[in-house]
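K.L.:
Have a look at this one before I ask anything.
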Amino acid sequence: MRYGEFTMIETDTQRKTNFAVTLTPCNLKENTYIARVPRKTITTDQLLDLVSAHNQGIDRFSVAHAMELLKKEILEQAELGFSVDIMDICKLYIAPTSSVQSLTPEAETVTGFEARFAVNEKLKERLKKVSASVAGVVDSAPKITQIENPIDSKASGVLKATFSARIKGDKLQVGGEGSGVFFVPCLAGGTADENEDHWIKVPDGYFSKNTKTTLEFYLPRTLEADKKYFIAVRTASRGKLELKSAVTGMSKIAVTIEE
């Protein structure tokens, strides 16, 4: 159900913690995870419903009217340049969106401001007591979703030995120590050969595209025709950061190399 620009969600009138965090491995430190809270929005109408539920007999419409009046005053005072303390939760203040470049700065008029918020100490102390369960651990390894032949953009599971390949997915950008794209022999049972001595690496100079979502490269000349390979992407790069150790993602299907 939609209400305005928000997605309506169920609220818990019993005031219980109803969220769980996700964990992402921190590749800069061993056995360390970054916790993230999934963002869900409570609308103004839902807040009014909760006020009514927790305070029987209160006039919901009077509260709604008071909230509108309070919002009007908060916005007007912020526009006048005041830092507004909003119910001991946070302070709203404004700041210029850019610097001023001028030979006569005293004569300039600064136009364009943005809203900023500073959390109050009372809220900081209260949130320190909040606890939540873990919903799951998010895999930080490269994810391969499709392997294509760039000539016709087909994902038929076949690559031409003398041509190139395109990989699509997420967290694919190759970089850092020990990184690369590897063709991993498919064994008789349909599994990937875990012996990395048998893996065939794509030479560094063979890449024509190397981004987070797409890799394009020429195929190594040492690949055997009519043989199946899984493709592994190993990287120690996360944007401008280099991970402490490289992470590896493997394709779920093997591709066949044809002459």
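K.L.:
Return the subset of K40/K154; K168/K228; K154/K244; K143/K240; K40/K212 for which the Cα-Cα distance in this structure is over 31 Å, preserving the input order.
P.N.:
Values: K40/K154 39 Å; K168/K228 19 Å; K154/K244 36 Å; K143/K240 19 Å; K40/K212 27 Å.
From K40/K154; K168/K228; K154/K244; K143/K240; K40/K212, over 31 Å: K40/K154; K154/K244.
K.L.:
Okay, moving on. Along each principal axis of its Cα atoms, how long is the stretch 22-151 end to end? Whole angstroms, biggest number first, please.
P.N.:
62, 57, 39
K.L.:
Once you keep just the Cα pairs under 8 angstrom separated by 6 or more residues, what percentage relative contact order results for the stretch 115-259?
P.N.:
Working: 302 pairs, mean separation 40.7, N = 145.
About 28 percent, as a whole number.
K.L.:
Equivalent-ellipsoid semi-axes (√(5λ), Cα gyration tensor) for the stretch 36-78, whole Å, largest first? Mind dumping the intermediate values first?
P.N.:
Working: eigenvalues 84, 80, 8 Å².
Semi-axis lengths for the stretch 36-78 are 21, 20, 6 Å.
K.L.:
Could you grab the Rg to Rh ratio for the stretch 86-170? Cα atoms only, Kirkwood for Rh.
P.N.:
Numbers: Rg = 26.8 Å, Rh = 20.0 Å.
Rounded to two decimals, Rg/Rh equals 1.34.
K.L.:
Just to confirm a number: summing +1 for Lys and Arg and -1 for Asp and Glu over residues other than G157 whose beta-carbon lies under 15 angstrom from that of G157, what do you get? Can you show the working numbers first?
P.N.:
Values: positive: K154, K160, R166, K168, K227, K228, K252; negative: E148, D152, D226, E258.
Here the charged neighbours net out to +3.
K.L.:
Around V63, under 12 Å between beta carbons, what's the net of Lys plus Arg minus Asp minus Glu among the other residues? Kindly include the intermediate steps, with their values, before the conclusion.
P.N.:
Numbers: positive: R60; negative: D45, D49, D59, E68.
Here the charged neighbours net out to -3.
K.L.:
A further question on this structure: Considering only DSSP beta bridges with both partners in the chain, what is the antiparallel share in %, to the nearest 5? Don't skip to the end; give the middle numbers.
P.N.:
Working: 47 of 54 bridges.
Of all bridge pairs located within the chain, approximately 85 percent are antiparallel.
K.L.:
Considering only protein heavy atoms, what is the solvent-accessible area of I89 at a probe of 1.4 Å, reported in Å² to the nearest 10?
P.N.:
Roll a 1.4 Å probe over it and I89 shows about 80 Å².
K.L.:
Give the accessible area for R221 in Å² (nearest 10); use a 1.4 Å probe, count only protein heavy atoms, and leave out ligands, DNA and RNA.
P.N.:
Result for R221: roughly 150 Å² accessible.
K.L.:
How high is the FRET efficiency between L127 and D226 when r is their beta carbon distance and R₀ equals 41 Å, given to the nearest 0.05? Please report the intermediate quantities before stating the final value.
P.N.:
Working: r = 61 Å, r/R0 = 1.48.
Once rounded, the FRET efficiency stands at 0.10.
K.L.:
What is the projected area of the convex hull of the Cα atoms of the stretch 15-96, averaged over all directions, in nm²?
P.N.:
Value for the stretch 15-96: 9.0 nm².
K.L.:
Ok, one more. With every protein chain left in place, what is the accessible area per residue of the chain in square angstrom, probe 1.4 Å? It would help to have the intermediate numbers written out before the result.
P.N.:
On the way: 17790 Å² over 259 residues.
With all protein chains present, the chain gives 69 Å² per residue.
K.L.:
What would the Debye equation give as log₁₀ I(q)/I(0) for the chain at q = 0.11, 0.12 Å⁻¹, counting only Cα atoms as equal point scatterers?
P.N.:
Ignoring solvent entirely, the Cα scatterers give -0.86, -0.91.
K.L.:
Now, a different point. Calculate the FRET efficiency for E242 and L69 from the Cβ-Cβ distance with a Förster distance of 45 Å, rounded to the nearest 0.05. Before the final figure, lay out each step's value.
P.N.:
Details: r = 53 Å, r/R0 = 1.18.
Result of the calculation: an efficiency of 0.25.
K.L.:
Compute the whole-percent fraction of alpha carbon pairs in the stretch 167-259 spaced more than 14 Å apart. If you can, show how the numbers build up before the last one.
P.N.:
Working: 2744 of 4278 pairs.
Roughly 64 percent, rounded to a whole number.
K.L.:
What percentages, rounded to whole numbers, describe P(r) for the stretch 80-122 computed over all alpha carbon pairs with 10 Å bin width beginning at zero?
P.N.:
Here the calculated profile for the stretch 80-122 is 26, 38, 23, 12, 1.
K.L.:
I would also like to ask the following. Nearest 0.05, what FRET efficiency do Q46 and K168 give at R0 = 41 Å with Cβ-Cβ as r? All intermediate terms of the calculation are to be shown ahead of the outcome.
P.N.:
Numbers: r = 39 Å, r/R0 = 0.95.
With R0 = 41 Å, the Cβ-Cβ based efficiency is 0.55.
K.L.:
Right, another one. Excluding ligands and nucleic acids, what accessible area in Å² is computed for L70 using a 1.4 Å probe, to the nearest 10?
P.N.:
Accessible area of L70: about 80 Å².
The values are calculated or read from the model by the stated rules, or taken from the named source; none is laboratory data. Just so we're clear, the structure is a prediction, and the values are computed from it rather than from any experiment. With ideal geometry, Cβ positions are generated from the backbone for all residues, glycine too; neighbour counts draw on all protein chains shown. Accessible surface areas use protein heavy atoms only, side chains included; no ligands, DNA or RNA. Shrake-Rupley method; radii C 1.70, N 1.55, O 1.52, S 1.80 Å.
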